[in-house]
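Heads up: the structure comes next, in structure tokens.
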Amino acid sequence: MCGIVGAVAERNITAILLEGLKRLEYRGYDSAGVAVFTNNGTLERMRRNGKVAELEQALAGEPLVGRLGIAHTRWATHGAPCERNAHPHFSGSDLAVVHNGIIENHEALREQLKGLGYVFTSDTDTEVIAHLLNHKLKDNNDLTAALKATVKELHGAYGLAVISAKQPDRLVAARSGSPLVIGLGLGENFLASDQLALRQVTDRFMYLEEGDIAEIHRDSVQIWDVTGQSVQREAVQYSDGAEAADKGEYRHYMLKEIHEQPAVVQRTLENRLGQDHVLVQAFGPQAAELFAKVRNVQIVACGTSYHAGMVARYWLESLAGIPCQVEVASEFRYRKVVVQPDTLFVSISQSGETADTLAALRNAKELGFLGSLAICNVGISSLVRESDLTLLTHAGREIGVASTKAFTTQLVGLLLLTLSLGQVRGTLQAGVEAQLVEELRRLPARLGEALAMDTTVEKVAQLFADKHHTLFLGRGAQFPVAMEGALKLKEISYIHAEAYPAGELKHGPLALVDSDMPVVTVAPNNELLEKLKSNLQEVRARGGELIVFADEQAGMTNGEGTHVINMPHIHDVLAPILYTLPLQLLSYYVAVLKGTDVDQPRNLAKSVTVE
Ligand code: HGA
């Protein structure tokens, strides 16, 4: 969330900063701003409410030209999204700060700084950092020394980039709880909250660690760790080429990412399947030894990843016979948790920088878990670095804020985990692993078949165009799929959607059902099908309109108020992965009909790096 870009060079850096912001914009798009030490020797800024395009347009009219600058795209936590609250924040006319994160003691600091005569022009927590830094500069004219003194007084999380007109040869930065990376160039250096922002200018990166402070010049970088010791951080070179970030033939990134699922699931499976078994080493060299000791699993995640975890619970208990608990990270991290002996801690996050999940992992290390495993899409993330074992999902870059391919590849990773644990612990029923490995091999083709229903789902979406509320139903492992379907619809179409296990309907939510409340159901052909059919009758009897994604062999037919969309038959264990796809398409087409901003829905942002 929020994006930071900085540059110190011998050429004009404004275009580099703007391009970096565009690449990070999906992380936050409430406002954008840039501060440049101009060739006239003054520090100038331009900020605009709304998207980076607004800033770009403003800069086209009034260009800022300079060789040192910082920029930011914001997802507001403190203070409304408006120009006054947009970063960079100034203290006086010489000092500019951009910040990702939350300063928890901002109110006390604000009062203290007001007492010292500082005048606040925004409602953000960030502005206290600018004034505190200014105050520290009075004791010590050196920007780095002042930043070191400043961060000692900050409680909370921050990734910070600072420039000063008094020391225009440097960019200074600090990381605690919010990632920062230095991009290394030739005679020029850069800073960003994610290397994606800098792939246009360099392929060499140096990741700051927790508590690091950095002083970045054109031709040198100096870093101090949390204890104040000068340290070297390894420079990493990327050879994979900057991943394509265009929409191709698709109207939105989300649609492109939905259609990428057969290919990325294939990639997630690559090198992980033996002839009739899962290759346990895919989780790391010590995986087999660790898995052999696992008697319980605790999954912790947020949002869509949490739903993936909930599906995994059904798999782990029914296939591998391993008790599993699943909890949202923001609850887990603040609760007194009783850890069963020999419990594996599994965290799931697309970015690997999700603040709550990362904090939960850090807490877990104190709680006596057997070990930790991260299911993650980003190999260079904090979650991966700090976990004992990792399974990368290889979904590729996901730009749409509403997660699609990250979710299905997480499910694949979690099924591989289930089979690996069952294999190592000898708890799988005979033949199950071989059969599921075979089904996994066929999965990409099956997903392709499901996506061929695109135009059918587009037609069904019209039923939702004038609706304000919907229910999603599923049973068993399809209940979390229904939850994910409801979340998707909420996120991008702003229609209120709730998910229930179908058997719960009669315990309350049935009271809501009428002809204005469409009910979406996922109905694979399994032992719960007949029970589900009865639940659907209960809806029809109350005039509710049914949209049912049903197995082609389930014997369900269209009728008055019942719209059945046939799905290719699939093994029940893999059904949650397949049935997710039409629900993604449904949300997408409803959002398009409603004219919302599909890839960047209101109030949200990608990679939730704040609490
Ligand atoms: N607290 C700051 C920065 C918010 C942020 O990092 N969002 O991801 C603000 O509200 O401006």
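For the pair the stretch 270-287 / the stretch 562-599, the C-alpha centres are spaced 30 Å from each other. Bridging of LYS531 to lysines at a Cα separation below 20 Å is possible for LYS506, once same-chain residues fewer than 8 apart are set aside.
Once a ≥ b ≥ c are taken as the square roots of the eigenvalues of the Cα gyration tensor of the stretch 525-595, is the result rounded (a/c under 1.5), prolate (a/b larger than b/c) or oblate (a/b not larger than b/c)? Write down the numbers at each step before the final one.
Working: a/c = 2.11, a/b = 1.09, b/c = 1.94.
Verdict is oblate for the stretch 525-595.
Judged by the mean number of other Cβ atoms found within 10 Å, the most tightly packed of the peptides 501-509, 532-540 leads the ranking 532-540, 501-509. Of the accessible area of the stretch 97-147, with the probe set at 1.4 angstrom, what percent is carbon plus sulfur? Looking at the stretch 97-147 in its full context, I get 47 percent from C and S.
Using a/c under 1.5 as the rounded threshold, could you call the stretch 554-611 rounded, prolate or oblate? The axes a ≥ b ≥ c are square roots of the C-alpha gyration tensor eigenvalues, and prolate needs a/b larger than b/c, oblate otherwise. List each step's numbers first, then the result.
Values: a/c = 3.79, a/b = 1.62, b/c = 2.34.
Judged from the Cα gyration tensor, the stretch 554-611 comes out oblate (a/c at least 1.5, b/c at or above a/b).
Which of the trypsin sites (Lys or Arg not before Pro) across the stretch 298-348 are loop residues per DSSP, with 12 or fewer other Cβ within 10 Å? Sites meeting the loop and neighbour criteria: ARG335, LYS336. Indicate, rounded to the nearest 5 percent, the antiparallel portion of the DSSP beta bridges found entirely in the stretch 511-611. Once the DSSP bridges in the stretch 511-611 are tallied, antiparallel ones form about 10 percent.
The Cα center of the stretch 467-508 and the Cα center of the stretch 175-203 differ in position by 40 Å. For LYS114, the lysines whose Cα falls under 30 Å of its own Cα, not counting residues fewer than eight places away in the same chain, are LYS136, LYS138, LYS148, LYS152, LYS166.
The shape of the stretch 312-389 can be summarised by an equivalent ellipsoid whose semi-axes, obtained from the alpha carbon gyration tensor, come to 19, 15, 12 Å from longest to shortest.
For the stretch 49-198, what does the alpha-carbon gyration tensor say about shape, rounded, prolate or oblate, given a ≥ b ≥ c as the root eigenvalues, a/c under 1.5 as rounded, and a/b over b/c as prolate?
Working: a/c = 1.44, a/b = 1.20, b/c = 1.20.
Rounded.
Applying a threshold of 22 Å to the alpha-carbon distances of LYS51/LYS247; LYS336/LYS405; LYS247/LYS405 flags LYS336/LYS405 as lying beyond it. Calculated mean residue ellipticity, 222 nm, the chain: -10500 deg cm²/dmol, from DSSP H runs (n ≥ 4) at -39500 (n - 2.57) each, averaged per residue and rounded to 500.
The stretch 359-411 and the stretch 120-139 have Cα centres separated by 35 Å.
Sorting HIS72, HIS217 by solvent-accessible area of protein heavy atoms yields HIS217, HIS72, largest first, with a 1.4 Å probe. Highest mean first, the peptides 169-176, 227-234 sorted by other C-beta atoms within 10 Å per residue fall in the order 169-176, 227-234. The chain has equivalent-ellipsoid semi-axes of 45, 28, 22 Å, by the square roots of 5 times the alpha carbon gyration tensor eigenvalues, sorted largest first. Accessible surface computed residue by residue for the chain, with neighbouring protein chains in place and a 1.4 Å probe, gives 38 Å² per residue.
I'd like to compare 10-18, 519-527, 552-560: which one has the highest average count of other Cβ atoms within 10 Å, and what's the full order after that? Please report the intermediate quantities before stating the final value.
Numbers: 10-18: 19.4, 519-527: 23.6, 552-560: 13.2.
Highest-to-lowest ranking by the protection proxy: 519-527, 10-18, 552-560.
The values are calculated or read from the model by the stated rules, or taken from the named source; none is laboratory data. Nothing here was measured: the structure is a model prediction, and the numbers come from that model. So basically every Cβ, Gly included, is an ideal-geometry build from the backbone, and we count neighbours across all protein chains shown. All accessible areas refer to the heavy atoms of the entire protein, side chains included, with ligands and DNA or RNA removed. Shrake-Rupley method; radii C 1.70, N 1.55, O 1.52, S 1.80 Å.
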